[in-house]
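S.K.: Next up is a structure, given as C-alpha cells.
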Amino acid sequence: MLSHALDRGVLVVTVHQDPGISRRAELATRISSLVHAHKPAPVVIVLEDHAATNAAVSAVLRAHRLCSHLDTLMSVATHSAPARRLLEANADAGSHRLVVHSRIDIAISAANTAAAA
C-alpha cells in the first residue's frame, strides 16, 4: 500500500494504492508510525495516480493533523488536480498550513529548504 524513503533529510511516504474506506484508518496509522519514527524530519506524502482517492485524501488529512500536533512540516505531492483541491479545501485551518504540490521534486526541495530555515 505504501513505501517510504529519506531524501535529503525529508521523509517521503509514497501511497501506491487506494486504501478504500475499509483500510483508510490503517493507512493513516502507518503514516503516523513513520512520522513518529523519523521525527523531526519534514514529511512529503506522495499520492500516486491510483491512490489519489477520497479515502487516501482522508488518511492524509489525519496525518496532517498529527504532524501539526508534533510541529512537523508536512506537504503532499500528487498529479491529481481533484485530490489537490480536496486536500486544500479540507485541511485543518487551525494547524500548520498544508502545502500541496503537483510535482514530487519540488515538494521535497521545498520541504528541505523549509526545514533548514
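No lab work stands behind these numbers, since they all come straight from the coordinates. These numbers were taken from a predicted model, which means no experiment stands behind them. A quick note on method: Cβ atoms are made from the backbone with ideal geometry, for glycine too, and the neighbour counts reach across all protein chains shown.
S.K.: In whole Å, what is the distance between the alpha-carbon centres of the range 82-106 and the range 1-51?
M.R.: So the separation of the two Cα centres works out to 15 Å.
S.K.: A follow-up question, please. Give the angle, between 0 and 90 degrees and rounded to the nearest 10, that separates the Cα long axis of helix 81-90 from the longest principal axis of the Cα atoms of the chain.
M.R.: That works out to roughly 70 degrees.
S.K.: Of all trypsin sites (Lys or Arg not before Pro) in the range 23-117, which ones are in loop regions per DSSP and have a Cβ with at most 12 other Cβ atoms within 10 Å?
M.R.: When the trypsin sites (Lys or Arg not before Pro) of the range 23-117 are filtered for loop state and at most 12 Cβ neighbours within 10 Å, 103 remain.
S.K.: Would you calculate, for the chain, the mean residue ellipticity at 222 nm contributed by helices, counting each DSSP H stretch of 4 or more residues as -39,500 (n - 2.57) and dividing by all residues, to the nearest 500?
M.R.: Computed mean residue ellipticity for the chain: -16000 deg cm²/dmol.
S.K.: Rounded to the nearest angstrom and ordered from largest down, what semi-axes does the equivalent ellipsoid of the chain get from its C-alpha gyration tensor (root of 5λ)?
M.R.: The three semi-axes for the chain are 19, 15, 14 Å.
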